[in-house]
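Here the structure comes first, spelled out in structure tokens, and everything after it is commentary.
The values are calculated or read from the model by the stated rules, or taken from the named source; none is laboratory data. For clarity, every value in this text was computed on a predicted model and none was experimentally measured. Every residue, glycine as well, gets a Cβ built from its backbone with ideal geometry; the counts of neighbours run over all protein chains shown.
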Amino acid sequence: MAKSKNYVISETGEFPPQYKVLHLDEDGIYRPIFGPDPDLEDAERKCAEMNGERARNDKGQLIGDDPSTPDINEAYVGGKKPTKKKTTKKTTAKKKTVAKK
């Protein structure tokens, strides 16, 4: 199953073009979090950073983290590892035992 991206880039439709990064909320509505920005590369970088995309080299291979820099994670675009969503633990209903006569 593919990971869904909660952040997308939107163009305002004006001239000169302006780009915004939008976040998909739980209610299904996209809300702006970055922009408007006239530079598409800035908007793409911010969107990739927010989605937690892995950094790649010129050949398209994944880049690993450099242990000599503990404050920056080179393995991700933007230098920060995305936070994991907390999952709620599902409880299973216990079966009732019926006493036999």
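The table below gives the values:
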| read-out | value |
| --- | --- |
| Which listed residue, of D27, D37, is modelled with pLDDT of 75 or more and touching a helix residue (DSSP H, G or I) at 6+ places or on another chain (Cβ under 6 Å) | D37 |
| All positions within the range 22-44 that are surrounded by 11 or more Cβ atoms within 10 Å (Cβ to Cβ), more than 12 Å from the chain's Cα centre (by Cα) and not small (G, A, S) | Y30, P32, I33, F34, P36, D37, P38, D39, L40, D42, E44 |
| E41 vs. criteria free of Cβ contacts under 8 Å to residues at least 12 places away in the same chain, outside any strand (DSSP E or B) and out of contact with any Ser or Thr (no Cβ under 7 Å at 6 or more places or on another chain) | yes |
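Table: residues versus (1) in a loop (DSSP other than H, G, I, E, B); (2) modelled with pLDDT of 75 or more; (3) among the aliphatic types (A, V, I, L, M).
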residue	(1), (2), (3)
M1	yes, no, yes
F15	yes, yes, no
R45	no, yes, no
G60	yes, yes, no
K80	yes, no, no
T83	yes, no, no
T88	yes, no, no
T97	yes, yes, no
